[in-house]
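Only one structure is covered here, and it is reproduced in the block below.
The values are calculated or read from the model by the stated rules, or taken from the named source; none is laboratory data. All values derive from a computational prediction rather than experimental measurement. Glycine also receives a Cβ, built like all others from the backbone with ideal geometry; neighbour counts cover every protein chain displayed. Each accessible area value is taken on the protein alone, full model and side chains, heavy atoms only, with ligands, DNA and RNA left out. Shrake-Rupley method; radii C 1.70, N 1.55, O 1.52, S 1.80 Å.
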Amino acid sequence: MVDVSAKDHTSRKAVATGEVHMRPETLQLIKEGQIKKGDVLAVAQVAGIMGAKRTHEIIPMCHPLLLTGIDISFQINQEPDAETGLCSITVNATVKVTGQTGVEMEALTAVAVAALTVYDMCKAVDRGMKITDVRLVHKAGGKSGTFEAE
(Lines give C-alpha, C1' and ligand atoms only; values in the text may rest on other atoms or scores of the structure.)
Protein backbone atom coordinates (compact mmCIF):
# COMPACT_ATOMS: atom_id res chain seq x y z
CA MET A 1 0.00 0.00 0.00
CA VAL A 2 1.29 3.47 -0.85
CA ASP A 3 2.46 5.57 2.12
CA VAL A 4 0.32 8.73 2.11
CA SER A 5 1.39 10.03 5.52
CA ALA A 6 3.30 13.00 4.02
CA LYS A 7 0.32 14.13 1.92
CA ASP A 8 -1.90 17.01 2.99
CA HIS A 9 -5.52 16.47 3.92
CA THR A 10 -7.54 18.01 1.09
CA SER A 11 -11.10 17.83 -0.18
CA ARG A 12 -11.38 15.20 -2.87
CA LYS A 13 -14.25 14.10 -5.07
CA ALA A 14 -14.76 11.43 -7.71
CA VAL A 15 -17.68 10.76 -10.05
CA ALA A 16 -18.14 7.45 -11.85
CA THR A 17 -20.81 6.07 -14.14
CA GLY A 18 -21.89 2.81 -15.74
CA GLU A 19 -24.77 1.25 -17.64
CA VAL A 20 -27.04 -1.74 -17.15
CA HIS A 21 -28.66 -2.77 -20.46
CA MET A 22 -31.85 -4.84 -20.42
CA ARG A 23 -34.94 -5.77 -22.36
CA PRO A 24 -37.68 -3.09 -22.41
CA GLU A 25 -39.97 -5.50 -20.53
CA THR A 26 -37.46 -5.74 -17.70
CA LEU A 27 -37.19 -1.97 -17.39
CA GLN A 28 -40.98 -1.73 -17.32
CA LEU A 29 -41.14 -4.23 -14.45
CA ILE A 30 -38.56 -2.18 -12.53
CA LYS A 31 -40.49 1.04 -13.10
CA GLU A 32 -43.77 -0.58 -12.01
CA GLY A 33 -42.22 -2.12 -8.88
CA GLN A 34 -43.04 -5.61 -10.14
CA ILE A 35 -39.67 -7.29 -9.54
CA LYS A 36 -40.25 -9.98 -6.90
CA LYS A 37 -37.12 -9.13 -4.88
CA GLY A 38 -38.40 -5.59 -4.25
CA ASP A 39 -37.62 -1.99 -5.18
CA VAL A 40 -34.65 -2.49 -7.50
CA LEU A 41 -33.31 1.06 -7.54
CA ALA A 42 -33.71 1.61 -3.79
CA VAL A 43 -31.83 -1.60 -3.00
CA ALA A 44 -29.17 -0.84 -5.64
CA GLN A 45 -28.68 2.62 -4.14
CA VAL A 46 -28.03 1.19 -0.68
CA ALA A 47 -25.76 -1.49 -2.18
CA GLY A 48 -23.73 1.17 -4.02
CA ILE A 49 -23.27 3.13 -0.80
CA MET A 50 -22.19 -0.02 1.02
CA GLY A 51 -19.79 -0.86 -1.81
CA ALA A 52 -18.13 2.55 -1.62
CA LYS A 53 -17.73 2.26 2.15
CA ARG A 54 -16.16 -1.20 1.90
CA THR A 55 -13.90 -0.69 -1.12
CA HIS A 56 -10.75 -1.14 0.97
CA GLU A 57 -11.96 -4.63 1.93
CA ILE A 58 -12.18 -5.89 -1.66
CA ILE A 59 -9.52 -3.91 -3.56
CA PRO A 60 -6.25 -5.01 -1.93
CA MET A 61 -4.18 -1.82 -2.08
CA CYS A 62 -6.92 0.70 -1.24
CA HIS A 63 -6.72 2.70 1.97
CA PRO A 64 -9.67 2.63 4.36
CA LEU A 65 -11.22 6.11 4.11
CA LEU A 66 -13.64 8.07 6.26
CA LEU A 67 -15.94 9.07 3.41
CA THR A 68 -17.80 12.36 3.89
CA GLY A 69 -20.40 11.94 1.17
CA ILE A 70 -21.79 9.30 -1.19
CA ASP A 71 -24.54 9.95 -3.70
CA ILE A 72 -25.89 7.20 -5.95
CA SER A 73 -28.39 8.18 -8.64
CA PHE A 74 -30.01 6.51 -11.61
CA GLN A 75 -31.13 7.68 -15.03
CA ILE A 76 -33.69 5.52 -16.79
CA ASN A 77 -33.11 5.37 -20.53
CA GLN A 78 -36.46 4.04 -21.70
CA GLU A 79 -35.94 4.45 -25.46
CA PRO A 80 -34.56 1.14 -26.82
CA ASP A 81 -31.23 1.30 -28.61
CA ALA A 82 -31.72 1.13 -32.39
CA GLU A 83 -29.10 -1.62 -32.82
CA THR A 84 -29.72 -3.84 -29.81
CA GLY A 85 -33.32 -3.11 -28.90
CA LEU A 86 -32.23 -2.82 -25.26
CA CYS A 87 -33.10 -0.11 -22.77
CA SER A 88 -30.72 0.89 -19.99
CA ILE A 89 -30.28 2.35 -16.57
CA THR A 90 -27.31 4.66 -16.04
CA VAL A 91 -25.77 4.41 -12.57
CA ASN A 92 -23.96 7.51 -11.28
CA ALA A 93 -21.89 7.70 -8.11
CA THR A 94 -20.33 10.77 -6.50
CA VAL A 95 -18.02 10.14 -3.56
CA LYS A 96 -16.32 12.76 -1.38
CA VAL A 97 -13.65 12.71 1.29
CA THR A 98 -11.33 15.06 3.11
CA GLY A 99 -8.17 13.06 3.31
CA GLN A 100 -4.75 12.15 2.00
CA THR A 101 -5.81 9.98 -0.94
CA GLY A 102 -8.50 10.07 -3.60
CA VAL A 103 -11.84 8.34 -3.88
CA GLU A 104 -11.80 7.16 -7.50
CA MET A 105 -11.90 3.50 -6.53
CA GLU A 106 -14.76 4.10 -4.12
CA ALA A 107 -16.84 5.79 -6.84
CA LEU A 108 -16.07 3.03 -9.35
CA THR A 109 -16.86 0.32 -6.80
CA ALA A 110 -20.15 2.04 -5.91
CA VAL A 111 -21.22 2.00 -9.57
CA ALA A 112 -20.16 -1.61 -10.06
CA VAL A 113 -21.92 -2.85 -6.93
CA ALA A 114 -25.11 -0.91 -7.71
CA ALA A 115 -25.12 -2.30 -11.27
CA LEU A 116 -24.50 -5.83 -10.03
CA THR A 117 -27.40 -5.42 -7.61
CA VAL A 118 -29.72 -4.41 -10.46
CA TYR A 119 -28.59 -7.57 -12.28
CA ASP A 120 -29.08 -9.76 -9.21
CA MET A 121 -32.55 -8.45 -8.51
CA CYS A 122 -33.71 -8.84 -12.13
CA LYS A 123 -31.88 -11.95 -13.29
CA ALA A 124 -34.96 -14.14 -12.84
CA VAL A 125 -36.67 -12.25 -15.68
CA ASP A 126 -33.67 -11.22 -17.82
CA ARG A 127 -30.40 -13.17 -17.63
CA GLY A 128 -29.16 -11.40 -20.77
CA MET A 129 -28.63 -8.04 -19.07
CA LYS A 130 -25.23 -6.43 -19.70
CA ILE A 131 -23.20 -4.16 -17.45
CA THR A 132 -21.04 -1.82 -19.54
CA ASP A 133 -18.97 1.35 -19.55
CA VAL A 134 -18.07 1.54 -15.85
CA ARG A 135 -15.64 4.44 -15.79
CA LEU A 136 -14.38 7.49 -13.96
CA VAL A 137 -15.81 10.70 -15.42
CA HIS A 138 -14.53 13.31 -12.95
CA LYS A 139 -11.94 13.60 -10.22
CA ALA A 140 -11.03 16.70 -8.22
CA GLY A 141 -8.61 17.44 -5.43
CA GLY A 142 -5.24 16.23 -4.36
CA LYS A 143 -1.82 16.75 -5.89
CA SER A 144 -2.83 15.70 -9.41
CA GLY A 145 -5.73 18.17 -9.57
CA THR A 146 -8.79 17.76 -11.75
CA PHE A 147 -9.54 15.06 -14.31
CA GLU A 148 -12.49 15.22 -16.73
CA ALA A 149 -13.22 12.30 -19.06
CA GLU A 150 -13.68 13.16 -22.71
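Structure notes:
- Ellipsoid equivalent to region 92-150 - semi-axes via the Cα gyration tensor, in Å: 29, 12, 6
- Accessible surface area normalised per residue over the chain is 56 Å², counting heavy atoms of protein chains with a 1.4 Å rolling probe.
- As a fraction of the 1.4 Å probe accessible area of the chain, surface on carbon and sulfur atoms comes out at 54 percent.
- Region 55-150: trypsin sites (Lys or Arg not before Pro) in DSSP coil with no more than 10 other Cβ atoms inside 10 Å: Arg127, Lys143
- Those GluC sites (Glu not before Pro) in region 70-107 that DSSP places in a loop and that have at most 10 other beta carbons within 10 Å: Glu83
- For the chain, average projected area of the Cα convex hull in nm²: 9.4 nm²
- Span-like helix ranges in the chain, DSSP H, alpha carbon extent 24 angstrom or more, Kyte mean at least 1.0: 104-122
- Simple Cβ-charge dipole of the chain, Lys/Arg +1 and Asp/Glu -1, about Cα centre, in debye nearest 20: 420 debye
- Full extension of the segment from Lys31 to Ile58, taken as 0.36 nm per residue of separation minus the current Cα-Cα distance, would add 6.6 nm.
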